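K.L.:
Below you'll find the structure I mean.
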Amino acid sequence: MINARRFLLRALLAACPAAAQTPAEHLARGDSLAHQLLPGAALAQYQTAIAGDGASYAARWKAAGAAVDVAKQLTDQQRPRRDSLYLAAQGYAEAAIALDSLGADGHFMLAQALGRLALTKGGKERVRYGRRIYDEAARSLALNPDHDGAHHVLGAWHAEVKRLSGLTRTIARLFLGGGFLGRAHWDSATAHLERAIELRPGYVFHRLELAQVYLDRDRRADAREQLERVLSLPVTDVQDPVYKEEAADLLANLRA
């Protein structure tokens, strides 16, 4: 009789559907998938967490990051999907900020999404994004001075503005309200990226961006050192194989 009851209990348990995961469990699963460099699967988990918890700040800014990680792998031939993902990342980040305006990660993710989107545009359109990218990254740093990602965004902002043609900057100042672009300096680009590396020395993209700034400033030996370090670092980002190829090409040109 006891064995029969055990058999019946097991049969009933097998027939019942597994308990639904909680939003917190979906969030944790998304974190695990993101760590495994599977941003598409991570994004799906974060989206499910958002659907189950309308007040989850973490799910929203992490969804923004996952959307960016999916989008940045796409080519120009996949531009519609790529840009739609950057816009989705922008929306998730803005929703996160609406829930918690004092969270540094929400502002960083918004700056990152806008920065990636701006890089797909022409010079004039980049200017239109410029002020908001700067403001969001600066806000993130004000909330967390040791946010390596925010330092990277600000360093890249200074570098990208300095790379704009003189004509584009003049048009921006006269017609697009781009007078704030005058605050861009190579020293600031260098300082922010060097600080990002101090905070996260094993992150490939920090070092590649700094190497490119060093090349802009004709600091070839310093650029070579960063590029060599890039090639020695482990892969921790979905784009690291591409970044390493770019670093290898730059290094070969320097050695030539």
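K.L.:
Of PRO39, VAL235, GLY103, which is farthest on the positive side of the dipole of the chain, counting Cα position, with +1 on Lys and Arg Cβ, -1 on Asp and Glu Cβ, and the Cα centre as origin?
P.N.:
PRO39
K.L.:
Relative to the longest principal Cα axis of the chain, at what angle does helix 240-255 sit, 0 to 90 degrees, rounded to 10?
P.N.:
20
K.L.:
Give the residue from GLY130, HIS151, ILE197 lying farthest towards the positive end of the charge dipole for the chain; charges sit on Cβ (+1 for Lys and Arg, -1 for Asp and Glu) and the dipole is referred to the Cα centre.
P.N.:
Looking along the dipole axis, the top candidate is GLY130.
K.L.:
State to the nearest 20 debye the size of the charge dipole of the range 23-100 about its Cα centre, where the only charges are +1 on K and R beta carbons and -1 on D and E beta carbons.
P.N.:
Rounded to the nearest 20 debye, it is 220 debye.
K.L.:
Also: Relative to the longest principal Cα axis of the chain, at what angle does helix 220-232 sit, 0 to 90 degrees, rounded to 10?
P.N.:
That helix lies at roughly 10 degrees to the long axis.
K.L.:
Relative contact order of the chain: what whole-number percent is it, with Cα pairs under 8 angstrom and at least 6 residues apart? Write out the running numbers ahead of the final one.
P.N.:
On the way: 327 pairs, mean separation 29.4, N = 256.
That works out to 12 percent.
K.L.:
Given labels modelled 7 Å from the Cα in the Cβ direction, how far is it in nm from ASP216 to ASP249?
P.N.:
Each label point lies 7 Å from its Cα, and together they span 1.9 nm.
K.L.:
Quick check: pseudo-label points 7 Å beyond the Cα along Cα→Cβ at LEU87 and ASP31, how many nm apart are they?
P.N.:
The modelled label-to-label distance comes out at 3.2 nm.
K.L.:
Next question, about the same structure. What do you get for the angle between helix 23-35 and the principal long axis of the chain? Use alpha-carbon atoms, 0 to 90 degrees, nearest ten.
P.N.:
50
K.L.:
Excluding GLU246 itself, what net charge comes from residues whose Cβ is under 12 Å from its Cβ, given Lys and Arg +1 and Asp and Glu -1?
P.N.:
-2
K.L.:
Under 1.5 on a/c is rounded, so check that first for the range 23-100, then, if it is not, pick prolate when a/b is larger than b/c and oblate when it is not; a ≥ b ≥ c are the square roots of the alpha carbon gyration tensor eigenvalues.
P.N.:
oblate
K.L.:
For the chain, with only Lys/Arg (+1) and Asp/Glu (-1) charged at the beta-carbon, what is the dipole magnitude about the Cα centre, in debye rounded to 20?
P.N.:
That gives the chain a dipole magnitude of about 520 debye.
Values in this text are rule-based calculations from the coordinates and carry no lab data. What you are looking at is a predicted structure, and each value in this text was computed from that prediction instead of being measured. Counting neighbours? That spans all protein chains shown, and the Cβs are built from the backbone with ideal geometry, glycine included.
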